[in-house]
Amino acid sequence: MLREGGLWEFLRRGLRSWLARLERPVRAMPGVERRLEEEYAEVLRGLEPLLKPYRDLPAFHRLPPEGRSPEWVFWHLEALAAREEPRWRKGYASGAVYHGGEPHVAFLNRVYALFSQANPLHPDLWPSVARMEAEIVSMTAHMLGADAAGEEIVGTVTSCGTESILLAMKAYRDWARETRGIVRPEVVLPVTAHAAFEKAAQLLGLRLIYVPVDAGYRADVAAMARAITRRTIALVASAPSFPHGVIDPVPEIAALARARGIGCHVDACLGGFILPWAERLGYPVPPFDFRLPGVTSISVDPHKYGYAPKGVSVILYRGRALRRYQYFAATDWPGGLYATPTLLGSRPGGLIAAAWAAMIALGEQGYLEATRAILETAARIREGIRRIPGLEVMGDPLWVIAFTSKEFDIYRVLERMGQRGWSLNALQHPPAVHLAVTLRHTQPGVAKRFLEDLRESVAWVRAHPEERGALAPVYGMAATLPFRGVVRDLLHRYLDLLYTP
Ligand SMILES: *Cc1c(COP(=O)(O)O)cnc(C)c1O
């Protein structure tokens, strides 16, 4: 199912999966695990300067016996924030901070303060928050084709795109079990779909059937059609995909799902607050939302291009029946009758208020202008990358721009960019790097600086073919090593490191 075009690719994958079978016996050999632990530790030591820069500040491994004054605490935190702010503020990050304008952030913080004690678990105490949540859902639904859907579009606010995706997959699983008797559910998705689907599959007991992408990194619809079985509960499409920022052929995928009577989830976490406005600005945006009758759910993130604070996503469904499969209700708990719409129990009312405030303060005009600025900047960056010899832009992206090289190790370019302050995303299968353009990059001079730094980084990598760097070999190893258990163990130790004071 993972096969990409070309005999070479086929053989390479075949060799990899054959080698993967050797992982267990090889790791069972004496001394191998100990050597691996040493390797992991060596790799992570290279990351420590990046992840643990605050050795000079007081650390708290236990509660202070007596509390510090609020002034001291605030001073401490201000010092941390001040060190970190310039990097994202000046646009050195890919994605991460999507608006970050000073007045906008200050406004959201004021709104949060008003509702920092509010919890939608108690709608009798905060009916205002319940109303704001319903309005966020409704505004988002109407932005994504609810008027032309022919059915009611409903949904809930969640804490992140991952939770939205998880809940949609739960809804399809429980719907298929109840109405189709499917006990071993399968979901068909392109290899480029977000890792959140893999997390959902692990948690929910779903089997994922991956299909390849075409030369433009868009889902192969014919392969999707072939992958559908009696157990398939839903198809997945991205608008656009996280790695390459290209939009899957949603009309074809949605039509396929509809013909088979199964769900079609469109992951618009990244594009939900950009594509409707891009379409209005005349950019070539294929239909991807509820105007397509086969689309049955959409995940979309106010905390990305909706310019809300972090911690706010929306999951939308075609019809109330599907949303009910997401709900939880405990009828016999001694704690009372208890029902929650999402994964969380208590939820942050302040974040709902701030997301609502962002949407009301921006309005259609605000999102349109923001999208115009982002797409113009992204076009400049995309064309600039294309003009750098040796770099290739992958597919036909609008504002999440992935690039790779046939001539040199792209991870070494990533590393060199990191030394110049840039925090870009490393991709794999194939090795590549991407920049998700946000409002931060539309500030004067940022796109120019990015392209200059990229040009110089490429020149440096070409001029120093023998130099290995610290991170590039690790990315390279992780991207190509057939022993995926080793890569997983390294990632687990990376997470351990984050929790090591
Ligand atoms: C960001 C993103 C997600 C996951 O969202 P989180 O809020 O990080 O959980 C899912 N899909 C796509 C396409 C994304 O870009």
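Taken over segment 399-431, the criterion of being in contact with a Ser or Thr (Cβ under 7 Å, 6 or more places away or on another chain) and either at pLDDT below 95 or farther than 17 Å from Ala459 by Cα (or both) is satisfied by Ser423, Leu424, Asn425, Pro430, Pro431.
Scanning segment 381-413 for residues that are assigned to a helix (DSSP H, G or I) and buried (at least 16 other Cβ atoms within 10 Å of the Cβ) yields Ile381, Arg382, Gly384, Ile385, Ile410, Tyr411, Arg412, Val413. Quick one: in segment 18-48, of everything that is over 31 Å from the mean Cα position of the chain (by Cα) and under 19 Å from His492 (Cα atoms), which residue is most open to solvent (accessible area, probe 1.4 Å)? Ranking the candidates gives Arg24 first.
Selection within segment 184-198: residues that are of a type in the set (A, V, I, L, M, F, W, C) and within 16 Å of the ligand (Cβ to nearest atom). The member of this set that is nearest to Gly345 (Cα to Cα) is Ala196.
Considering segment 252-357, the qualifying strands (runs of 3 or more DSSP E), each wholly inside and each with 2 or more residues that are more than 13 Å from the ligand (Cβ to nearest atom) and touching a strand residue (DSSP E or B) at 6+ places or on another chain (Cβ under 8 Å), run over 263-268, 313-318, 328-330, 338-340.
Each row is one residue, and each column tells you yes or no for (1) among the aromatic types (Phe, Trp, Tyr); (2) touching a Phe, Trp or Tyr at 6+ places or on another chain (Cβ under 7 Å); (3) over 28 Å from Arg440 (Cβ atoms).
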| residue | (1), (2), (3) |
| --- | --- |
| Ala93 | no, no, no |
| Val97 | no, yes, no |
| Gly100 | no, yes, no |
| His104 | no, yes, no |
| Phe107 | yes, no, no |
| Tyr112 | yes, no, no |
| Ser116 | no, no, no |
| Asp124 | no, no, yes |
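Does segment 50-57 contain at least one residue that is closer than 29 Å to Asp489 by Cα, of a type in the set (Phe, Trp, Tyr) and touching a residue at least 24 places away in the same chain (Cβ under 8 Å)? Yes, segment 50-57 contains a residue that is closer than 29 Å to Asp489 by Cα, of a type in the set (Phe, Trp, Tyr) and touching a residue at least 24 places away in the same chain (Cβ under 8 Å). The requirement of being within 16 Å of the ligand (Cβ to nearest atom) and more than 22 Å from Thr229 (Cβ to Cβ) is fulfilled somewhere in segment 165-183, by at least one residue.
For Ala478, state whether it is buried (at least 16 other Cβ atoms within 10 Å of the Cβ) and small (Gly, Ala, Ser). Spelling it out, Ala478 is indeed buried (at least 16 other Cβ atoms within 10 Å of the Cβ) and small (Gly, Ala, Ser). Select from segment 149-175 the residues that are in contact with a helix residue (DSSP H, G or I) (Cβ under 7 Å, 6 or more places away or on another chain) and among the hydrophobic types (A, V, I, L, M, F, W, C) and write down the one among them that is most open to solvent (accessible area, probe 1.4 Å). For segment 149-175, the residue satisfying everything is Trp175. The selection criterion, being exposed (fewer than 13 other Cβ atoms within 10 Å of the Cβ) and within 18 Å of Arg173 (Cβ to Cβ), holds for Ala329. Restricting attention to segment 427-440, the residues that are open to solvent by less than 40 Å² (accessible area, probe 1.4 Å) and in contact (Cβ under 8 Å) with a residue 40 or more places away in the chain add up to 9.
Of a type in the set (D, E, K, R), crowded, with 21+ Cβ neighbours inside 10 Å and under 30 Å from Val26 (Cβ atoms): is that true of Arg416 in this structure? Spelling it out, it is not the case that Arg416 is of a type in the set (D, E, K, R), crowded, with 21+ Cβ neighbours inside 10 Å and under 30 Å from Val26 (Cβ atoms).
The values are calculated or read from the model by the stated rules, or taken from the named source; none is laboratory data. Quick caveat: nothing in here was measured; it's all calculated off a predicted structure. We place every Cβ from the backbone using ideal geometry, glycine too, and count neighbours over all the protein chains shown. Heavy atoms of the whole protein, side chains included, go into the accessibility calculation; ligands, DNA and RNA do not. Shrake-Rupley method; radii C 1.70, N 1.55, O 1.52, S 1.80 Å.
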